[in-house]
Structure formats: structure tokens, C-alpha cells
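Working notes, structure below.
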Amino acid sequence: LLLEDDEDDYLMIRELIGTYCCAPYWEGELQFDRDSGRLDTAPLVKVPDGKLKLWLHPQKERVPLDDYAGGADIAEGVGATPSCLCFINSTGEKVCEYVDAHIKPEDLAVLAVALCWLFKNEQGEGARFAWEMVGPGERFGKKMLELGYRRCYYRQNETAAPWGKKISDIPGWFPTPTNRTRLLGDYRAALYSRKFLNRSEKALKEFLCFR
């Protein structure tokens, strides 16, 4: 884990921020049906300082086709802490960030489905998506499945060897102590090796809060 008093990690985060972070290339809002998550014909509307931040250049109000993956950190939507969505492309670069402290888990799920369909691959499949299946994540996951989106992360034994990772039919990621430590450790390693590039300065600064 990153420690705020660990000088190596602190310097690494500062280096990443100075080298890779930049303002979003595009900011705006997503237009979609609030009941089904279906995208409007012209889904991307450019708005200064919009909640949807993109580190890519939309083409004709669409994003380039790629093998994207996304994830969610879900809050209750009462203003105390924000809910966050992000998406990465096939080269491990963060291309999308959405942050809102006043959106309910169920409404966030509809938005997440719409974004999954925005970030499609060449076969027309929506982005692979994962979320934490506890607390408000249960309501989020229930709504996502009600909307019929199934290209999700399904529970498995994360610590098993690759040939022993049996995938269940239970959607969502479960934050056991082992899973949480492994996740943060893997993320830290990906940042160090530059296998993952996070261009959001606000997101990287969050790492300095972890112990």
C-alpha cells in the first residue's frame, strides 16, 4: 500500500503527476435515456467543466473503438463522498473519469451502462465493467443487471493460480482483506511500471491518502 510517509511512493506519485497528468481533452455531459441507459443519437455534449472528463478526442460525437474496461467506486449520493466512474483503453491508459457526490447508486448504474455502450469495441460489445459489491454497490449492481448489462466482472478466487480461478455467476468484486490488499498492490505496481497511466491529477493525489 502507499503510505503518506513513504518517501519513495510519494516521489513516484509526484513524478507521475508531473510527467503524465494534464487537463482533460474534452469535458461535457452524456445524453442517454434515464430508464434504459440507451445512448441518444448524439450522446456527447461539450460543456465547460462538465462532470464527464475524457482524455481522448471524440470523433463525430463518438469515441474510437477499442477494448475498454471500466470500474466504479460507489457512494450513497448524499454529498458526503463522491461516486466515481472511470474507463481505460487497451493500452492501459485512463481515458474517462466521472465524479459526482450527489448521484444515487441506481442512477449511477444507468449512467454506467450508458458509458459502457459508449466505450464499445470493434465487435460492438460494451466495455467490461467491475464494481465493489458491498453497501451501495449492491443497489448499483442490482440495477445494472435489471438493465440487462452482463459484460461484467464475476466473482472468482483472486489468489488462486490462473488455472484455478473458477468464475462464479455472482457479479461484482468483493473487498475481502486479501482482495483489497492485492488490488491496491497490483495498482501500485502498474503505476510504477507505467503499465497503467492515470492522467487525472486529482485521482493520483488520492493515493497519498492510503495507509
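Apply 1/(1 + (r/R0)^6) to the Cβ-Cβ distance of residue 182 and residue 41, taking R0 = 45 Å, and write down the FRET efficiency to the nearest 0.05.
0.60
For the chain, which whole percent of the accessible surface, found with a 1.4 angstrom probe, sits on carbon and sulfur atoms?
Here carbon and sulfur together make up 51 percent of the probe-accessible area.
Output ³J(HN,Hα) for the stretch 114-125: one whole-Hz value per residue in order, computed from phi by the Karplus curve 6.51 cos²θ - 1.76 cosθ + 1.60 with θ = phi - 60°, and x for Gly and Pro.
4, 5, 4, 6, 5, 8, 8, 9, 5, 8, x, 7
Calculate one ³J(HN,Hα) per residue across the stretch 40-46 by plugging θ = phi - 60° into the Karplus curve 6.51 cos²θ - 1.76 cosθ + 1.60, and present them in order as whole Hz with x for glycine and proline.
5, 4, 10, x, 9, 10, 6
Under the rule of at least 5 residues apart or a separate chain, name every residue whose amide H is placed under 5 Å from the amide H of residue 52.
28
For a protection proxy built on the mean count of beta-carbon atoms within 10 angstrom, sort 138-147, 16-25 highest first, please.
138-147, 16-25
Of the cross-linked pairs 60/143; 51/143; 46/142; 120/142; 53/94; 120/195, which ones have a Cα-Cα span greater than 20 Å in the structure shown?
60/143; 51/143; 46/142; 120/142; 120/195
Give, to the nearest whole percent, the P(r) tail of the chain beyond 27 angstrom, counting all Cα pairs.
When every Cα pair of the chain is considered, 32 percent fall beyond 27 Å.
What nm distance separates the two modelled labels at residue 62 and residue 142, each placed 7 Å from Cα along Cα→Cβ?
3.6
Take the alpha-carbon centre of the stretch 117-147, take the same for the stretch 74-114, and report the distance between them in whole Å.
The stretch 117-147 and the stretch 74-114 have Cα centres spaced 11 Å from each other.
Counting other Cβ atoms within 10 Å, which trypsin sites (Lys or Arg not before Pro) in the stretch 51-86 have at most 14 and lie in a DSSP loop?
60
Explain nothing, just the number: relative contact order of the stretch 43-119, from Cα pairs under 8 Å at least 6 residues apart, as a whole percent.
In percent, rounded to a whole number, it is 30.
The values are calculated or read from the model by the stated rules, or taken from the named source; none is laboratory data. These numbers come from a predicted model, not from an experiment. For neighbour counting, all protein chains shown are included, and Cβ atoms are generated from backbone atoms with ideal geometry for every residue, glycine included. What goes into the accessible areas is simple: the full protein's heavy atoms, side chains included, and nothing from ligands, DNA or RNA. Shrake-Rupley method; radii C 1.70, N 1.55, O 1.52, S 1.80 Å.
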